[in-house]
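> Mind looking over this structure? Questions follow.
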Amino acid sequence: MAAAARQEHIKLALALPARLRTFLARYPHPSILPAGQTPETFKTAYQEDTPNPFLPLRHPVTGRWHEPKYSLRRQAELYKLAREHGVAELLPSTPKSAEERLRKRVEEGLRVKGTGVGQKVKGHKYERQLEAKMEKRRQAMLAMPELIKEWKKVGKRNWTNFPK
Amino acid sequence: MARKAKSRVINVRLLSMAMTGYFYTFTRLRTAQPMSMIKYDPIVRRRVLFLEQKRKGK
């Protein structure tokens, strides 16, 4: 039974494109390690070198930053290929993954300033001041009959309160 | 040199009291009373009080 399932898995794995197969052989996900092995006990030479080939690495001795083993373009190509074959979860974490992209979209919005979470679009000055302006106008119109009554009572000759 | 004589008439601006910024301009004698009248304000589409604006720097 287990052997049959195993054969099935091997068949599925062989159906993957060569590029993905090579990558997964070099950087196997913890879930596809040989039975009884953990990521601590089982490491390919590639993984010894770079735990995550998709992220830049700081050299432990010199302290210099090294580029990721796979460029962003190749990461995106690999991720797309893996997604098409339904094995995207087996890749190491990458800035090209769907979750990472979603997180970034939430954080930054549409790259239009102010469309992210908790941000506000600044708008033009007239848009920002529109509400206050309309309120002032409304108050003035509400006071208008009173003002005209007052003005008629005082008379235009004696009126002294002129606007600046 | 003598300063130029002030003109006898001046242009004045009558400002809408509906706070729309709309105004009419009129010419009146400098010595006359400041103007005020009820006129139409197209922004609020009503007849409202217009008062002469105090001139600046005088």
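The values are calculated or read from the model by the stated rules, or taken from the named source; none is laboratory data. What you see is a predicted model, and the numbers here were worked out from it, not measured in a lab. Cβ coordinates were reconstructed from backbone atoms using ideal geometry, including for glycine residues, and neighbour counts include every protein chain displayed.
> Is the stretch A:135-150 home to any residue that is touching a helix residue (DSSP H, G or I) at 6+ places or on another chain (Cβ under 9 Å), surrounded by 13 or more Cβ atoms within 10 Å (Cβ to Cβ) and not in a helix (DSSP H, G or I)?
no
> Just for the stretch B:28-56: of the residues that are in contact with an Asp or Glu (Cβ under 7 Å, 6 or more places away or on another chain) and assigned to a loop (DSSP other than H, G, I, E, B), which one is farthest from the other protein chains (Cβ to nearest Cβ)?
From the stretch B:28-56, those in contact with an Asp or Glu (Cβ under 7 Å, 6 or more places away or on another chain) are B:34-36, B:48; that's our starting set.
Applying the additional criterion that residues be assigned to a loop (DSSP other than H, G, I, E, B) yields B:34-35.
On the way: B:34: 6, B:35: 8 Å.
Top of the filtered list is B:35.
> Would you check which residues across the stretch B:1-27 are touching a residue at least 24 places away in the same chain (Cβ under 8 Å), surrounded by 15 or more Cβ atoms within 10 Å (Cβ to Cβ) and either in contact with a His (Cβ under 6 Å, 6 or more places away or on another chain) or in a loop (DSSP other than H, G, I, E, B) (or both) and list them?
If the condition is that a residue be touching a residue at least 24 places away in the same chain (Cβ under 8 Å), surrounded by 15 or more Cβ atoms within 10 Å (Cβ to Cβ) and either in contact with a His (Cβ under 6 Å, 6 or more places away or on another chain) or in a loop (DSSP other than H, G, I, E, B) (or both), then B:17, B:18, B:20 are the ones that fit.
> Here's a follow-up. Give me the pairs: first residue in the stretch A:8-20 and of a type in the set (Val, Ile, Thr), second residue modelled with pLDDT under 90, beta-carbon distance under 7 Å, and six or more apart or on different chains, which are they?
none
> Taking helices (runs of 4 or more DSSP H) that fall entirely within the stretch A:1-60, which contain at least 3 residues that are at pLDDT below 85 and surrounded by 11 or more Cβ atoms within 10 Å (Cβ to Cβ)?
Correct list: A:2-14.
> Select from the stretch A:10-23 the residues that are farther than 13 Å from residue A:86 by Cβ and under 27 Å from the mean Cα position of the chain (by Cα) and list them in ascending order.
Once the filter is applied, which keeps residues that are farther than 13 Å from residue A:86 by Cβ and under 27 Å from the mean Cα position of the chain (by Cα), the stretch A:10-23 yields only A:23.
> Please go through (1) surrounded by 10 or more Cβ atoms within 10 Å (Cβ to Cβ); (2) modelled with pLDDT of 85 or more; (3) not in a helix (DSSP H, G or I) for residue A:114 and return the number of the only condition it doesn't satisfy.
Tallying (1) surrounded by 10 or more Cβ atoms within 10 Å (Cβ to Cβ); (2) modelled with pLDDT of 85 or more; (3) not in a helix (DSSP H, G or I), residue A:114 fails exactly one: (2).
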